[in-house]
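> I have a structure I would like to understand better, so I am pasting it below and will then ask my questions one at a time.
The values are calculated or read from the model by the stated rules, or taken from the named source; none is laboratory data. Note that the structure is a prediction, hence the values are computed from the model and not measured. A quick note on method: Cβ atoms are made from the backbone with ideal geometry, for glycine too, and the neighbour counts reach across all protein chains shown.
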Amino acid sequence: MAAGAAKIDIRSLEKEALATYLVEQLEEPRFRANQIWKWLWQKGATSFSEMTDLSKTLRQRLPEFFEIRSLAIDKTQRSQDGTIKTRFKLHDGHLIESVLIPVPSDKRYTVCVSSQVGCSLSCKFCATGQMKRERNLDPAEIFDQVFKVNQQALETFDHPLTNIVYMGMGEPLLAYQSVLKSIERITSPDGLNMSPRRITVSTAGIAKMIKRLADDQVKVNLALSLHAADDLKRNEIMPINEQNNLSILQDALRYFYEKTQNKITLEYIAFQDFNDQAIDAQNLARFCSPFPVVVNIIEYNPISGFDMIKTSADRLSVFAHSLARLGVQVTVRRSRGKD
């Protein structure tokens, strides 16, 4: 490589491109690409010196041409309920967050991963929505969150991750290519070999991208952050609804289900005297009617600058029972990691 030339982020290359580079530029046999690939995507190597089945000469040469831009742990916060929040520092100094949510009684260990630095959708109840969107994460940055939090799960709970949710910072469907490529790496036998059925992509509601996800036959589950089944109310707390209203979203979800038969979940934060009344339950049941769906009612975790408060425990129970009587499958998720 010429002096001063920028090094290649090796994980930005597909395996065939890596093999071609090794043959043409380094005069190495093609099978070296398979060896390096396994170190990068199965073992999560952060340096070439770890790749002990390569010759010492090659291990010393690779850093002249390539770099591995792995995430660095900036801060870890452990809650009494077992939740672990990790702030990662990216190669360009930006910070993102991942959350490990353990439920040992169910042998369920879920990681919530980020897909963007910041977010452009400005949902009123979301802390990330108050941040400027800087950029999409690349596939390796999403992969690293899963790999490193899986290590946390093994070290802390002696159990690997069971589920992955794209529900951290950012809107996954606006980082579409990175999200799909990361899913490919995570589910591939050449990667972490996790089942796509254990992966959920959560969206604030980009209808055309929901349909594209269906057309691309990505075998993951879908979650829609709904939070209101009335357009005026949803417009108030989620500006994205003005371009993707409930009728448009319902059509997109119907299309997704008919095309994929994959599981759909509706996320619903119940706010006191806003979306927790009998009429809200009726509207929500009507929205759910065209396809099988689970409504996951979420306890609100307050942020500064948003004055709505979570609904009371009694009202939440009444609301959930109202949905059940209307034929809606419903679960209630308590907030985790408050401390």
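> Go through the stretch 129-169 and give me each residue that's touching a Gly at 6+ places or on another chain (Cβ under 7 Å) and either more than 30 Å from ILE237 (Cβ to Cβ) or at pLDDT 95 or above (or both).
Across the stretch 129-169, the qualifying residue is only PHE147.
> Do we have any residue at all in the stretch 295-302 that's among the hydroxyl-bearing types (Ser, Thr, Tyr) and farther than 27 Å from THR128 by Cα?
no
> I'd like to know if the stretch 198-208 contains one or more residues that are under 26 Å from ARG108 (Cβ atoms), of a type in the set (D, E, K, R), surrounded by fewer than 21 Cβ atoms within 10 Å (Cβ to Cβ) and modelled with pLDDT of 95 or more.
Yes, there is a match, as at least one residue in the stretch 198-208 is under 26 Å from ARG108 (Cβ atoms), of a type in the set (D, E, K, R), surrounded by fewer than 21 Cβ atoms within 10 Å (Cβ to Cβ) and modelled with pLDDT of 95 or more.
> Which pairs do you get when a residue that is without any contact (Cβ under 8 Å) to a residue 60 or more places away in the chain, found in the stretch 155-172, comes within reach of a residue that is basic (Lys, Arg) and not in a loop (DSSP other than H, G, I, E, B), reach meaning Cβ atoms under 6 angstrom, with the pair 6+ apart or on two chains?
As it stands, the answer is THR162/ARG108; ASN163/ARG198, since those pairs meet every condition given.
> Within the stretch 291-298, is there a residue that is assigned by TED's automatic domain parsing to the domain that holds ILE237, part of a loop (DSSP other than H, G, I, E, B), in contact with a helix residue (DSSP H, G or I) (Cβ under 7 Å, 6 or more places away or on another chain) and within 15 Å of LEU246 (Cα to Cα)?
yes
> Tally the residues that are buried (at least 16 other Cβ atoms within 10 Å of the Cβ) and among the acidic types (Asp, Glu), restricting the search to the stretch 53-77.
Result for the stretch 53-77: 1.
> Right, here's the next one. Every residue in the stretch 230-247 that is farther than 13 Å from ALA204 by Cα and among the aliphatic types (A, V, I, L, M), please.
The one that is farther than 13 Å from ALA204 by Cα and among the aliphatic types (A, V, I, L, M): LEU232.
> Taking the criterion of being modelled with pLDDT under 95, in contact with an Asp or Glu (Cβ under 6 Å, 6 or more places away or on another chain), of a type outside the set (A, V, I, L, M, F, W, C) and closer than 30 Å to CYS119 by Cβ, would at least one residue in the stretch 60-73 satisfy it?
No, the stretch 60-73 contains no residue that is modelled with pLDDT under 95, in contact with an Asp or Glu (Cβ under 6 Å, 6 or more places away or on another chain), of a type outside the set (A, V, I, L, M, F, W, C) and closer than 30 Å to CYS119 by Cβ.
> So, of the residues in the stretch 170-190 that are touching a Phe, Trp or Tyr at 6+ places or on another chain (Cβ under 8 Å) and at pLDDT 95 or above, which turns out to be surrounded by the most Cβ atoms within 10 Å (Cβ to Cβ)?
Taking the candidates together, the pick is PRO172.
> Out of the stretch 1-33, which residues are within 24 Å of MET194 (Cα to Cα) and surrounded by 13 or more Cβ atoms within 10 Å (Cβ to Cβ)?
Matches in the stretch 1-33: ILE10, ARG11, SER12, LEU13, LYS15, LEU18, ALA33.
> Only residues that are of a type in the set (Val, Ile, Thr), over 18 Å from ASN296 (Cα atoms) and in contact with a strand residue (DSSP E or B) (Cβ under 9 Å, 6 or more places away or on another chain): list them for the stretch 238-268, please.
The one that is of a type in the set (Val, Ile, Thr), over 18 Å from ASN296 (Cα atoms) and in contact with a strand residue (DSSP E or B) (Cβ under 9 Å, 6 or more places away or on another chain): THR260.
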